[in-house]
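The values are calculated or read from the model by the stated rules, or taken from the named source; none is laboratory data. Computed from a predicted model, the values in this text were never measured in an experiment. Cβ atoms come from the backbone with ideal geometry, glycine included; neighbour counts cover every protein chain shown. Only protein heavy atoms, including side chains, enter the accessible area calculation; ligands, DNA and RNA are left aside. Shrake-Rupley method; radii C 1.70, N 1.55, O 1.52, S 1.80 Å.
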Amino acid sequence: MKKCELSIPEATRIALGVSEANRLHKYATAQAEMAVVAGKNAVLAVLRLGRLLKDLKAATVHGEWGTLFSKRNAEANLTHRFNFDFSQKTANQYMRCYQEAAARLGQDERPALDMGLDGEAVETLPELVKKATGNAVTPRQMMLNLQVVKDGSKSAAQAARLAQHETILRNRGKGRAAAPVSLEQAMMAAVAGVQPEEELREQKKQVAIKDAHHIVIMLDEFTKEELHKYLPGPDRDYLLLCLKNVERIIKEGK
């Protein structure tokens, strides 16, 4: 039996390819820009965290700082019922980031950095952070620039894969099927751990707007070119089913 193949004019194939290439270029550029913004926000959050931890440590009674990192000790201690969700080693790294960054600034610049980290409006804060961290665009790069950690440890990609693996294991432990987790999602999850929730929500909002815009453009081009006419019956039915599911999910998520 002769195989039946759909023949699409060459000009149409090229036009569709160019359109898809342009879409992917815009999408990749937007995602890269958002990754840079997320990384810089995470750097600022780590500096704020380091300053906060430094002040908290100075305010605790001698000998009690370590108990804030142990759930067992926290439950046994009658003076408090809370503890950090990260290790004391991680806390030390956060504090060293702040201390080493502040040490790179002049005496007249440090008060401005502290004011900015405290949430006050400081116009020069971005430049101060840039100077203090060696123009770091991720917390990891900042720690390397400030020699808080040594080079040669796991790369960002390895760390992302580790985060991905841990996420899958956690899902399985809760009796749920593990959903696929991309490296980008794993990195975003890592950044979210130190990024203010409202900033993360705003970034997700921007991603949603850009993605929705791309989807609308593709569907518009698809229908204008009447490409649906070339779809085999089963593929056409599947497309309609997917669109109906999207409509249902969006309506239910209001």
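Of the residues making up the stretch 20-39, those that are open to solvent by 60 Å² or more (accessible area, probe 1.4 Å) and of a type in the set (Val, Ile, Thr) are VAL36, VAL37.
Matching residues to (1) surrounded by 11 or more Cβ atoms within 10 Å (Cβ to Cβ); (2) within 13 Å of VAL43 (Cβ to Cβ); (3) modelled with pLDDT of 55 or more:
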{"position": "PHE82", "(1), (2), (3)": "no, no, yes"}
{"position": "ASP118", "(1), (2), (3)": "yes, no, yes"}
{"position": "GLU123", "(1), (2), (3)": "no, no, yes"}
{"position": "VAL129", "(1), (2), (3)": "yes, yes, yes"}
{"position": "LEU144", "(1), (2), (3)": "yes, yes, yes"}
{"position": "LYS150", "(1), (2), (3)": "no, no, yes"}
{"position": "ARG172", "(1), (2), (3)": "yes, no, no"}
{"position": "GLY175", "(1), (2), (3)": "no, no, no"}
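Summed over the stretch 84-116, residues that are loosely packed, with under 14 Cβ neighbours inside 10 Å and either among the small types (Gly, Ala, Ser) or touching a Pro at 6+ places or on another chain (Cβ under 9 Å) (or both) total 3. Of the listed requirements (1) more than 25 Å from the chain's Cα centre (by Cα); (2) modelled with pLDDT of 90 or more; (3) surrounded by 17 or more Cβ atoms within 10 Å (Cβ to Cβ); (4) aliphatic (A, V, I, L, M), LEU68 misses just one: (2).
Restricting VAL36, VAL46, VAL61 to those that are modelled with pLDDT of 85 or more, within 19 Å of PRO139 (Cβ to Cβ) and β-branched (Val, Ile, Thr) reduces the list to VAL46.
When residues in the stretch 40-61 are screened for being over 17 Å from GLN93 (Cβ atoms) and either assigned to a helix (DSSP H, G or I) or open to solvent by 80 Å² or more (accessible area, probe 1.4 Å) (or both), 5 of them pass. Taking the conditions (1) assigned to a loop (DSSP other than H, G, I, E, B); (2) modelled with pLDDT of 90 or more in turn, SER7 satisfies each one other than (2).
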